[in-house]
Amino acid sequence: MTRVVRFHEYGPADVPAPAADEVQIAVRAIGLNRAEVMFRNGAYLQEANFPSQLGYEAAGTVATVGDDVTGFAEGDAVSVIPTLDMSRWPTYGEVINIPARYVVKHPASLSFEKAAAAWMKYVTAWGALIDQAKLTADDFVIVSAASSSVGIAAFQIARSVGATVIATTRTSAKSKALLEAGAHHVIATGEEDLAARVNEITGGKGARVDL
């Protein structure tokens, strides 16, 4: 495939200055997610406005801040919480402007690569468990594909509200690791009867939430 450079309007090549409520970030690392693949393929909830950019996660250092932004200074190590519109606020770039409400500082002990990849799994799990399912301390939640990054994040979020986590995995080979990661119970679906074990664990109550 031949690569070419195109432009769609007259203007400077520089990234525009951040808006009053935005932080400009010199990007050091980006996160790669299934969402971006779906967006490129036209299969995502959002539609692109062409020419479009993409990207939900990034980490880097603050280059400058908008006039109304407080709490950030040039050189701060920051990461981007996925925004509501990757077409409007893309992260695939060397320099990006992101609303300050989606930008957080991270400690020097956390690498830019890890910081860039930290948020999506928690946003995904939080949206399903808290925003949609309204998970509470009275609930049992079944977490499928429990060893995935979203699965591990789900353990932590469920436990934060006092819910009981039942992790499922195909074999018992991962049981110890899943328990250490925060699951209260692990069911190996290739070796145990899922329904019977859930009934036993919940005392016949069953699990209201299944992620």
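The values are calculated or read from the model by the stated rules, or taken from the named source; none is laboratory data. Please read these numbers as outputs of a predicted model, since none were measured by experiment. For neighbour counting, all protein chains shown are included, and Cβ atoms are generated from backbone atoms with ideal geometry for every residue, glycine included.
Data table
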| read-out | value |
| --- | --- |
| Selection count where residues are under 19 Å from the mean Cα position of the chain (by Cα), assigned to a loop (DSSP other than H, G, I, E, B) and not hydroxyl-bearing (S, T, Y), scope the stretch 24-51 | 5 |
| Residue selected from the stretch 84-96 under the condition buried (at least 19 other Cβ atoms within 10 Å of the Cβ) and of a type outside the set (A, V, I, L, M, F, W, C), by the criterion nearest to R28 (Cα to Cα) | T91 |
| Verdict on I166 being closer than 30 Å to Y56 by Cβ, touching a His at 6+ places or on another chain (Cβ under 6 Å) and either in contact (Cβ under 8 Å) with a residue 40 or more places away in the chain or outside any loop (DSSP other than H, G, I, E, B) (or both) | yes |
| Where a residue in the stretch 112-136 is without any contact (Cβ under 8 Å) to a residue 60 or more places away in the chain and its partner, wherever it lies, is of a type in the set (S, T, N, Q) and part of a helix (DSSP H, G or I), with Cβ under 7 Å and at least six apart | K121/S149 |
| Flag for L194 being in contact with a helix residue (DSSP H, G or I) (Cβ under 8 Å, 6 or more places away or on another chain) and over 16 Å from D138 (Cα atoms) | no |
| Every residue from the stretch 52-69 that is part of a loop (DSSP other than H, G, I, E, B) and at pLDDT 95 or above | G66, D67, D68, V69 |
| So D139, is it more than 25 Å from E47 (Cβ to Cβ), touching a helix residue (DSSP H, G or I) at 6+ places or on another chain (Cβ under 9 Å) and among the acidic types (D, E) | yes |
